[in-house]
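For reference, the structure discussed in these notes is given below.
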Amino acid sequence: MTCAGELPPIDVFGQIGDEYEQVVYCHDKATGLKAIIAIHSTVLGPALGGTRFYPYGSGAAALTDVLRLAKGMTYKSALAGLDLGGGKAVIIGNPATTKTEELLRTYARFIDSLGGRYLTAEDVGTTQADMDMIARETQCVTGTSPLLGGSGDPSEATARGVYWSMRATAAHLDGAPDLAGLHVVISGVGKVGSSLVHLLNGDGAKVTIADVDDAAVSRLVTDPNLDVQVADVHGVHAIACDILSPCALGGVLNEASIPALRCRAIVGAANNQLAAEKDADRLAARGIVYVPDFVANAGGVINIADELMGYHHERAMAAVERISITTAEILRLSDRDAITTVKAAESLAEARINDVATSKRIRSFGPPRRHGS
Ligand code: NAD
């Protein structure tokens, strides 16, 4: 047996940074579960964020990813006006081979042990059926099927949020929130991108699409209600257009791609579109209006958050529409203070978190308990 004194020194708090409230390692030998739950902030409310099931090459890679994602959720929920904090979880393993009922239920009991500080949802590698399974062990789960009180697939809500963000961007560029006649190029027409095509065509925008999956393209091209042009995925970022909408992978805006861009603005659903922080400056230097992904793609989390009040579709969609107001405010602040849109978004989120943290000086405690009652 190894006693603690023999362990190599680990700078635990240095490793996770001093910004995170709680990081939980979950291990169960019998089921093979290895998971990490990261809670970045609960100032605004329970930390909500999905569970990513992914074959990380190392525990360190999983930790880095979950920390980054958890922090992103704090900003996303704060800007979306939700009473939710930021958190995220990762399960290490290949979902196709490692995922079992026992593993998911064991993981769910770890979530439950956090007493509501962390609420999970679907993410890469997990499905609505997995959330239904997790719901057997804990109430701290969203994104379950409608029969269990869930809101279903969030992709349409995400597409709606991107659409409202585009309208606010059009108003910023041209003075009116009108997409008619604007040329929008969408890279990636999966669940979110395809929904977005319908909304944009409905508004009279000219839409060009590109996707590595021919079937995804052909579903839209053959739809008699749609009018779309198809572009090659390789040159898609260099097409002259009004708005480029990355709806596939992260990291597409980088040192190499930014000089080739010929769009006026970027508004898309893909997470982590900027490869590096500096890319926000590169876009600003080129005069391209970039709506941060965590602002434009918040429709999904807004929709899911509504489940916590008993899901009501119209109320959720009204909240998603408010992404246009947030987008307009961020673009205005960015111009006013000559800062990047990312900085403007972060400072708006931090201001809300600080305001709420401060206002929690005044608290309510409910009626006092009396002896004999
Ligand atoms: P999806 O898997 O349904 O669609 C992604 C599409 O991108 C697929 O059709 C795929 O073939 C295509 N694609 C992959 N590589 C490509 C490439 N190099 N060039 C062009 N197309 C490529 O995913 P989705 O649910 O539509 O999500 C799209 C993006 O939005 C992801 O980054 C996701 O993380 C993000 N997002 C989604 C939601 C949601 O509610 N679904 C919410 C927030 C953020």
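Just so you know, all these numbers are worked out from the coordinates, no wet-lab data involved. What you see is a predicted model, and the numbers here were worked out from it, not measured in a lab. So basically every Cβ, Gly included, is an ideal-geometry build from the backbone, and we count neighbours across all protein chains shown.
Starting from the Kirkwood Rh over alpha-carbon pairs, what translational D in µm² s⁻¹ does the range 282-373 have by Stokes-Einstein at 20 °C and 1.002 mPa s? Rounded to a whole number, D works out at 133 µm²/s. For the range 233-251 and the range 26-62, compute the distance between their C-alpha centroids and round to whole Å. Measuring centre to centre over Cα atoms gives 31 Å. Largest GNM mean-square fluctuation among Leu179, Leu308, Leu348, using the chain with Cα springs under 10 Å: Leu308. Here the range 28-105 is described by how far its Cα atoms reach on the three principal axes: 39, 24, 19 Å, from widest to narrowest. Given their separation in residues at 0.36 nm each and the Cα-Cα distance between them, Lys278 and Asp18 gain 91.3 nm when the chain is fully extended.
Could you give the longest part of the chain that holds none of the trypsin sites (Lys or Arg not before Pro) found in DSSP loops with at most 15 neighbouring Cβ atoms within 10 Å? Don't skip to the end; give the middle numbers.
Working: sites that count: Lys29, Arg136, Arg262, Arg286, Arg322, Lys360, Arg361, Arg363, Arg369, Arg370.
Between exposed loop sites, the widest span is 137-261.
In the range 230-338, the alpha-carbon atoms span a convex hull of 123 Å³ per residue. Using a Förster distance of 22 Å, how high is the FRET efficiency between Ala176 and Asp355, based on the Cβ-Cβ distance and rounded to 0.05? The value I calculate is 0.10. 3J(HN,Hα) along the range 104-120: 5, 6, 5, 4, 4, 5, 5, 4, 4, 5, 7, x, x, 6, 10, 10, 9 Hz, from the Karplus curve 6.51 cos²θ - 1.76 cosθ + 1.60 with θ = phi - 60°, whole Hz, x for Gly and Pro. The aspartates and glutamates within cross-link reach of Lys206, meaning a Cα-to-Cα straight distance under 15 Å and a gap of 8 or more places when in the same chain, are Asp178, Asp227, Asp242.
When all alpha carbon pairs of the range 95-226 are counted in 5 Å bins from zero, the resulting P(r) reads 2, 9, 16, 15, 13, 11, 11, 10, 7, 4, 1, 0 %. Simple point charges give the picture: +1 on the Cβ of Lys and Arg, -1 on the Cβ of Asp and Glu, and for the range 151-271 a dipole about the Cα centre of about 220 debye.
Residue-wise, which Karplus ³J(HN,Hα) couplings in Hz belong to the range 212-224, taking 6.51 cos²θ - 1.76 cosθ + 1.60, θ = phi - 60°, and x for glycine or proline? The phi angles translate into 6, 9, 4, 5, 5, 5, 5, 4, 7, 5, 8, 6, x Hz. Cross-link check: pairs Lys76/Lys278; Lys76/Lys99; Lys29/Lys360; Lys34/Lys360; Lys71/Lys360 evaluated at a Cα-Cα cut-off of 30 Å; pairs beyond the cut-off: Lys29/Lys360; Lys34/Lys360.
Here, the chain has an Rg and a Dmax of 21.6, 75 Å when only alpha carbons are counted. Rounded to the nearest 20 debye, the dipole size of the chain about its Cα centre is 900 debye, using +1 on the Cβ of Lys and Arg and -1 on the Cβ of Asp and Glu.
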